[in-house]
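Taking it in order: structure first as structure tokens, then the write-up.
The values are calculated or read from the model by the stated rules, or taken from the named source; none is laboratory data. The model shown is predicted, which means the values in this text are computed figures rather than measured ones. With ideal geometry, Cβ positions are generated from the backbone for all residues, glycine too; neighbour counts draw on all protein chains shown. Only protein heavy atoms, including side chains, enter the accessible area calculation; ligands, DNA and RNA are left aside. Shrake-Rupley method; radii C 1.70, N 1.55, O 1.52, S 1.80 Å.
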Amino acid sequence: VVTGFGRGSKQMGVPTANLDPETCGGEAVLSALPLGVYFGWAKREGESNWHECVLNVGKRPTFVDGDGTTIEVHVMGASDATPEYEDDFYGETMRVDVCGFIRPELRFDSLPELVARIKTDIGLAR
Ligand code: RBF
Ligand code: ADP
Ligand code: MG
């Protein structure tokens, strides 16, 4: 888990653990994948139980923040009102088992529109 753009929890209310692209095959592997939103299961170092998650594998076209592919995993709480974790876990290893594809990545005209769509993605993933 590496540092991202500092936007997930602060601006969107959706924290995303950004995985080091090199540990996921690097740009050569990632750029060959359909870019977009996936759902699956995630597990933090030391945890025995898997948690539901949504992840975005993409280039974040809504923002101007570089063109590298990022892998961002949001671990879902038991309900939308209950965050799964209270702490940060930068530097830890997170395992992700990706089960399916939800939609291609899109460019949104505003942050609230992106956040609304992410809530829909979370509902679909559940
Ligand atoms: N960024 C986009 O520009 N377009 C998207 O369609 C998009 N979908 C996302 C879906 C989910 C479930 C998540 C967690 C993130 C998504 N993002 C998308 C990435 C978002 O821009 C990024 O998490 C924040 O900018 C923080 O780095
Ligand atoms: P960054 O831009 O550095 O990725 P974010 O605002 O997206 O920062 O927050 C992500 C960080 O928050 C993760 O790296 C992790 O340490 C922590 N975190 C706390 N709860 C969660 C969660 N439910 N899902 C993902 N990351 C979480
Ligand atoms: Mg993040």
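Could you order Arg95, Arg103 so the one with the most accessible surface comes first? Probe is 1.4 Å.
Arg95, Arg103
Add -39500 (n - 2.57) for each DSSP H run of 4 or more in the chain, then divide by its residues: what number comes out at 222 nm, to the nearest 500 deg cm²/dmol?
Calculated from helices alone, the mean residue ellipticity at 222 nm is -4500 deg cm²/dmol.
Roughly how many percent of the accessible protein surface of the chain is carbon and sulfur, given a 1.4 Å probe and a whole-percent answer?
54 percent
Note down the relative contact order for the chain as a percent, whole number, built from C-alpha pairs under 8 angstrom at least six residues apart.
Computed value for the chain: 31 percent relative contact order.
Between beta-carbons, use under 11 Å as the cut-off and find the net charge around Val37, counting Lys and Arg +1, Asp and Glu -1.
Charge balance in the 11 Å sphere: -1.
Quick one: in the chain, what % of C-alpha pairs are over 22 Å apart?
29 percent
Run through the DSSP bridge list for segment 9-125 and note the antiparallel percent, rounded to the nearest 5.
100 percent
Give me the net charge of Ala78's neighbourhood, meaning all other residues with Cβ under 13 Å from the Cβ of Ala78; Lys, Arg count +1, Asp, Glu -1.
Result for the local shell: -2.
What number comes out for accessible area per residue over the chain if the probe is 1.4 Å? Units Å², please.
57 Å²
Label points 7 Å out from Cα along the Cβ direction at Met12 and Phe89: separation in nm?
Result for the modelled spin labels: 1.9 nm.
Write out the chymotrypsin sites (Phe, Trp or Tyr not before Pro) in segment 64-126 meeting two conditions: DSSP loop, and at most 11 other Cβ atoms within 10 Å of their Cβ.
Tyr90
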